[in-house]
Amino acid sequence: MKILIAEDDPVASKILRLALEKVGHEVIVVPNGAAAWERFLDEPVRLVVSDWMMPELDGLQLCRRIREQADGEYTYFILLTANHAGRDNLATAMEAGIDDFLQKPLDRDAIWMRLRVAERILGFTRQIRQLGELLPICAYCKKIRDDGTYWQQFEEYIQEHTGSHFSHGVCPECFKGQMDELGPKRSRTTLVVTPASE
């Protein structure tokens, strides 16, 4: 996995980087939340490990910005905290969208355990996203079933969920097939209609 670390303490960032690289992850280290946000916009990652208190943009502000990005895959966010972080502060962090916490001073075993949890959760979110992207379509009439039991035309469903509009046409292959199928009928109609127009 590619992991983004936002940490202004060089000792803590080195411990994290070495621990994560040791188990085969690619690590990007930046010194503060603002730099992490810029890096995330350039290249979104699945896992962020961020200090709480940092200059320019703290860990909670960084997490809120990431959560506001609706598109893309889910990003798991681990916040580094001091031992004295109170219950109210932790509740505030959870409301900001934090997934997990790591206490300072950092312990390698704790880092690896949190990482295993993150990998498991991210695997589940990917599966859920894939299932959510499967649309139940009738094999015969091609209608799509919505979240309830109502079946609606493909165009209606897409327009309702994306705001897209459709223009209809006929591809050359279908046009030829329809003309071939209607060939004899067309000629009979022409024979009947032509005299009437005269």
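The values are calculated or read from the model by the stated rules, or taken from the named source; none is laboratory data. Just so it is clear, the structure is predicted and the values come from calculations on it, not from any experiment. Cβ atoms come from the backbone with ideal geometry, glycine included; neighbour counts cover every protein chain shown. Each accessible area value is taken on the protein alone, full model and side chains, heavy atoms only, with ligands, DNA and RNA left out. Shrake-Rupley method; radii C 1.70, N 1.55, O 1.52, S 1.80 Å.
Inspection of the stretch 107-125 identifies at least one residue that is open to solvent by 30 Å² or more (accessible area, probe 1.4 Å) and not in a helix (DSSP H, G or I). Residue pairs whose Cβ atoms lie under 7 Å apart, separated by 6 or more positions or on different chains, with the first residue in the stretch 57-73 and under 16 Å from Glu38 (Cβ atoms) and the second part of a loop (DSSP other than H, G, I, E, B), are Leu57/Asn32; Asp58/Trp52; Gly59/Trp52; Cys63/Gly97; Cys63/Ile98; Arg64/Gly97; Ile66/Thr75. If the condition is being at pLDDT below 80 and either touching a helix residue (DSSP H, G or I) at 6+ places or on another chain (Cβ under 6 Å) or closer than 16 Å to Leu47 by Cα (or both), then the stretch 109-135 contributes Phe124, Thr125, Arg126. Taken together, Val29, Val49 contain a single residue that is touching a Phe, Trp or Tyr at 6+ places or on another chain (Cβ under 9 Å) and closer than 20 Å to Thr81 by Cα, which is Val49.
Quick one: which strands (runs of 3 or more DSSP E) sit completely within the stretch 1-95 and have at least 2 residues that are farther than 16 Å from Arg114 by Cβ and either in contact with a helix residue (DSSP H, G or I) (Cβ under 7 Å, 6 or more places away or on another chain) or at pLDDT 90 or above (or both)? Give the steps one after another, and end with the answer.
On the way: elements: 2-6, 26-30, 47-51, 76-81.
By residue number, 26-30.
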